[in-house]
């Protein structure tokens with residue numbers, strides 16, 4: 001397969017792998033969320049954009065005041081919707097068509113990074129995609145009751161980085177909850 005755009009997953013995950021409960025995040029960490037938004041909206045130069053890929057339930061449960069985001073085009077994945085949801089830019093039937101949308105004209109020259117923001121199946125599809133190179137996982141160092149989980153992934157293939165440019169390495173604390181930002185990098189055959 002030809003080289004496409006970098007696909008990166010971003011999520012906050014509590015002990016046990018939970019990422020959500022009843023369509024919401026089970027914790028309140030505004031600073032962590034702002035860091036998340038800063039990461040996905042950062043582009044190398046003006047005029048470039050990133051693409052965020054959302055599963056439909058994840059899109060429907062996002063905070064009301066989250067959009068619009070600068071430098072971001074939103075793609076919602078759904079097999080049942082017939083039209084693009086309000087505030088989204090594109091509708092795709094599956095993950096592969098969303099990835100191709102970013103890698104082919106007219107968007108190929110605009111899009112820098114494809115960010116996968118959930119839910120579970122969309123994360124699974126992103127992890128399996130050959131263009132996936134990084135996972136940005138915030139380790140929420142606490143137990144929460146969750147009904148949605150981040151998928152298991154191969155930690156021999158995706159290696160936790162000791163330090164990563166622009167990512168704080170020390171433990172953070174907010175609202176009495178400790179967390180740390182982590183980046184896992186996909187090992188490639190030519191890097192071995």
field: Enumeration of residues in region 91-101 that are closer than 18 Å to residue 49 by Cβ and touching a helix residue (DSSP H, G or I) at 6+ places or on another chain (Cβ under 6 Å)
entry: 92
Exclusive hit being in contact with a strand residue (DSSP E or B) (Cβ under 8 Å, 6 or more places away or on another chain) and at pLDDT below 95, set 173, 187: 187
- prompt: Say we look at region 111-132 and pick out the residues that are touching a residue at least 24 places away in the same chain (Cβ under 8 Å) and surrounded by fewer than 16 Cβ atoms within 10 Å (Cβ to Cβ); which of these is nearest to residue 57 (Cα to Cα)?
  reply: 121
- prompt: Quick one: is residue 37 within 30 Å of residue 172 (Cα to Cα) and at pLDDT 95 or above?
  reply: no
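Conditions tested, residue by residue: (1) modelled with pLDDT under 95; (2) surrounded by fewer than 18 Cβ atoms within 10 Å (Cβ to Cβ); (3) over 22 Å from residue 128 (Cα atoms).
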{"residue": "7", "(1), (2), (3)": "no, no, no"}
{"residue": "11", "(1), (2), (3)": "no, no, no"}
{"residue": "24", "(1), (2), (3)": "yes, yes, yes"}
{"residue": "45", "(1), (2), (3)": "yes, yes, yes"}
{"residue": "48", "(1), (2), (3)": "no, yes, yes"}
{"residue": "61", "(1), (2), (3)": "yes, yes, yes"}
Residue 142 vs. criteria modelled with pLDDT of 95 or more, surrounded by 12 or more Cβ atoms within 10 Å (Cβ to Cβ) and in contact with a helix residue (DSSP H, G or I) (Cβ under 7 Å, 6 or more places away or on another chain): yes
task: Would you please name the residue that is farthest from residue 35 (Cα to Cα), looking only at residues in region 157-167 that are at pLDDT 95 or above and outside any strand (DSSP E or B)?
output: 157
- request: From 72, 84, grab the single residue that is out of contact with any helix residue (DSSP H, G or I) (no Cβ under 6 Å at 6 or more places or on another chain) and farther than 24 Å from residue 153 by Cβ.
  value: 84
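The values are calculated or read from the model by the stated rules, or taken from the named source; none is laboratory data. Given the structure is predicted, the values throughout are model-derived calculations rather than measurements. For neighbour counting, all protein chains shown are included, and Cβ atoms are generated from backbone atoms with ideal geometry for every residue, glycine included.
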